Amino acid sequence: MDLLEIPEKVEAAIEVMERMAMEGVDGIKALGMDYVFIPLHGGTDDFMSNDTYLKYYWPSLGRLIDRIIEWGMTPFIFFEGKYNTRLELLAELLPPKKCICLFEQVDIARAKKVLGNVACITGNLPGALLAFGSKQEVIDETKRMLDDCAPGGGFIMDCSIVMDDFKMENMEAMYQTTLEYGKYR
């Protein structure tokens, strides 16, 4: 509603947040870090349209990503939530071969097809599967993801989000399956 009723205040808030983010990147560079983690919590498919994303969300994010790259670091972007309708847009906007994109809820095979020449893709093995699924289900899903995403490189096997709870046998199954089955051919 704020975008419609008080867009000037939204734009002012974005400017403040961007300035803070830029100062944070400058501090990270001073520490000698190679990667900058960028958690994105609000740019999801179900939160705003692509037009709104391009007008309000992307400009400051794009400048932040450019600053990180300019400082010689790699943006590690966590796309929390659903980003299925944004994949083509991201393929146009992201600087080629400069970012790692961690996806929580996306069609990972489609993400690889659309973004595979633009960014390194990671994430997406459901946390619920690691917490509540069977060992065989984890093995099968890990193999499926590797079949869909590993060819041609640019894929890191990972779960979809920070894991607070999981079955150790399932985490070991993902790890072992990745070691055995995930070698680039």
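Some observations on this one:
- The overall shape of the range 32-126 is oblate: from the C-alpha gyration tensor, with semi-axes ordered a ≥ b ≥ c, the ratio a/c is 1.5 or greater and a/b is no larger than b/c.
- Of the residues Asp164, Asp66, Asp147, the one that moves most in a GNM of the chain with alpha-carbon contacts below 10 Å is Asp164.
- Counting only heavy atoms of the protein chains and using a 1.4 Å probe, Met33 has close to 100 Å² of accessible surface.
- Under conditions of 4 °C and 1.567 mPa s, the range 70-180 yields 91 µm² s⁻¹ as its translational diffusion coefficient, taking Rh as the Kirkwood radius over Cα pairs in the Stokes-Einstein equation.
- Area of Arg110 that stays accessible when all protein chains are in place (1.4 Å probe, Å², to 10): 80 Å²
- GNM flexibility winner over the chain from Asp148, Asp51, Asp26 (Cα, springs under 10 Å): Asp51
- Percent of Cα pairs exceeding the 12 Å cut-off, where the set is the range 1-44: 71 percent
- Mean accessible surface per residue for the range 1-58, computed with a 1.4 Å probe while every protein chain stays in place, in Å²: 70 Å²
- For the set Ser160, Ser49, the ranking by accessible area, highest first and with no ligand, DNA or RNA atoms included, is Ser49, Ser160 under a 1.4 Å probe.
- Per residue, the range 110-185 exposes 55 Å² of solvent-accessible protein surface, assessed with a 1.4 angstrom probe and all protein chains in place.
- For Lys112, the aspartates and glutamates whose Cα falls under 19 Å of its own Cα, not counting residues fewer than eight places away in the same chain, are Asp45, Glu80, Glu88, Glu92, Glu104, Asp140, Glu141, Asp147, Asp148, Asp158.
- Rounded, prolate or oblate (a/c below 1.5 giving rounded, otherwise prolate when a/b exceeds b/c) for the range 1-87 by Cα gyration tensor: oblate
- Rounded percent of accessible protein surface that carbon and sulfur make up, the chain, 1.4 Å probe: 57 percent
- Local electrostatic count at Leu54 - Lys and Arg +1, Asp and Glu -1, tallied over other residues with Cβ under 15 Å: -2
- Thr52, Thr44, Thr85, ranked by accessible area, largest first (probe 1.4 Å): Thr85, Thr52, Thr44
- The heavy atoms of Leu31 present about 140 square angstrom of accessible area, all protein chains included, probe 1.4 Å.
- Note on the chain: helix-only mean residue ellipticity at 222 nm, from DSSP H runs of 4+ residues weighted -39500 (n - 2.57) and normalised by residue number, equals -15000 deg cm²/dmol.
- Debye log10 I(q)/I(0) for the chain, one point scatterer per Cα, at q = 0.08, 0.10, 0.13, 0.14 Å⁻¹: -0.29, -0.45, -0.74, -0.84
The values are calculated or read from the model by the stated rules, or taken from the named source; none is laboratory data. Since this is a predicted model, take the numbers as computed values, not measurements. Here Cβ is always computed from backbone atoms with ideal geometry, including for glycine, and neighbour counts include all displayed protein chains. Heads up: the accessible areas ignore ligands, DNA and RNA and are worked out on the full protein's heavy atoms, side chains in. Shrake-Rupley method; radii C 1.70, N 1.55, O 1.52, S 1.80 Å.
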